[in-house]
Amino acid sequence: MDDLGIQIEQAVQTIRKKWNRDACIGLILGTGLGTFVDHIEDAVTIPFSDIPHFCKSTALGHVGQLVCGQLENTPVIAMQGRFHFYEGYTLQQITFPVRVFKAMGISLLIVTSASGGMNPQHQPGQLIVIDDHINLMGDNPLAGFNDDSLGPRYPDMSQPYDAELIEKALQLARKQNIPAQRGVYVGVKGPNYETRAEYRFFRTIGGDVVGMSTVPETLVAVHSGLRVLGLSTVTNVCLPDALQPVTGEDVIEVANRASRDMTTIIRGIIKEESPSQTNR
Ligand code: HPA
């Protein structure tokens, strides 16, 4: 086993000492969704600092622990807070938890985030079901040595976000009167928000929203053979000709307000994907 394989095994063993179950669904809870874990039943909480090879979470509003338990009769494992490239970690470090989730048995990863909305139809608080992404982080978590036992050297990215789950999420939103749209997520390193010229550029190249996460985790999830659902809340509208200044606190406030809608969609998806629900 190579180094990464050993590190994954060490992290899994530590988690299994406290929660010895196989998980079905993994969740990476970004800005505004920290309290989502309150819905998890029989919850076992493990600080990231107790898990070998996990980084420390330093981002504003990100707690930094793993919460394992049951949601909608489904065993889930959730990161309450995530790691970002702008915190100074490598993309391999940031995405290590995805490898661990895969080894804990998940087949679906739900990734949430906050983002800036560049599509003129966007309103603050609106939900985006990520349809595709553009990697402008200037790096790739899959670069370097490839462990063929974890995934292929050249993974396909023709449909990184699961088409069936995108439809399901949009349908759930429609049923609940939650404003939601599909969109292309542009991933950047951060930590600054963008200039007018950058927002204009990202819109021109096909982006609907821009954010500082999601892309590395999705790349590793796809490499690992996982299905991915990406959900993002538009926290600030970024129209270059009428751009308003924005702060991290503004972003958190809007993301917190929109968390109810995001929670409804995630719970709905987990319920539909529950192994007890289907005959798969
Ligand atoms: N840009 C990048 N990341 C973000 C933004 C933004 O405007 N809003 C929330 N996260």
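None of the figures in this text is laboratory data; all of them are computed from the coordinates on show. What you see is a predicted model; the values in this text were computed from it and never measured. Here Cβ is always computed from backbone atoms with ideal geometry, including for glycine, and neighbour counts include all displayed protein chains.
Fully extending the segment from K175 to R153, taken as 0.36 nm per residue of separation minus the present Cα-Cα distance, adds 3.9 nm.
Largest mean-square fluctuation among T14, T235, T247, in a Gaussian network model of the chain whose springs join Cα atoms under 10 Å apart, belongs to T247. Shape class for the range 19-278, computed from the alpha carbon gyration tensor (a ≥ b ≥ c): rounded, with a/c under 1.5. Think of it as helices only: each DSSP H run of n ≥ 4 in the chain is worth -39500 (n - 2.57), and spread over all residues that comes to -9000 deg cm²/dmol at 222 nm. Counting neighbouring beta carbons within 10 Å and listing from fewest to most, the residues M104, M118 come out as M104, M118. DSSP bridge analysis restricted to the range 19-278 gives an antiparallel fraction near 35%, rounded to the nearest 5. If you average the alpha carbon positions of the range 228-276 and of the range 1-57, how far apart do those two centres end up, in angstrom? Using only Cα atoms, the two centres lie 22 Å from each other.
In a simple Cβ point-charge model (Lys, Arg +1; Asp, Glu -1; nothing else charged), the chain has a dipole of about 340 debye relative to its Cα centre. Each residue in V251, V12 was given a count of other beta-carbon atoms within 10 angstrom of its own, and listing them fewest first yields V12, V251.
Note: relative contact order over the range 19-278, using C-alpha pairs below 8 Å and six or more positions apart, is 27 percent.
If you take every residue apart from I130 with its C-beta less than 10 Å away from the C-beta of I130, what net charge results, scoring Lys and Arg +1 and Asp and Glu -1?
Around I130, the surrounding residues sum to -2.
Going down the table (K56/K102; K17/K175; K189/K271; K18/K189; K17/K56), which pairs top 30 Å between alpha carbons? In this structure, K17/K175; K189/K271; K18/K189 lie more than 30 Å apart at Cα.
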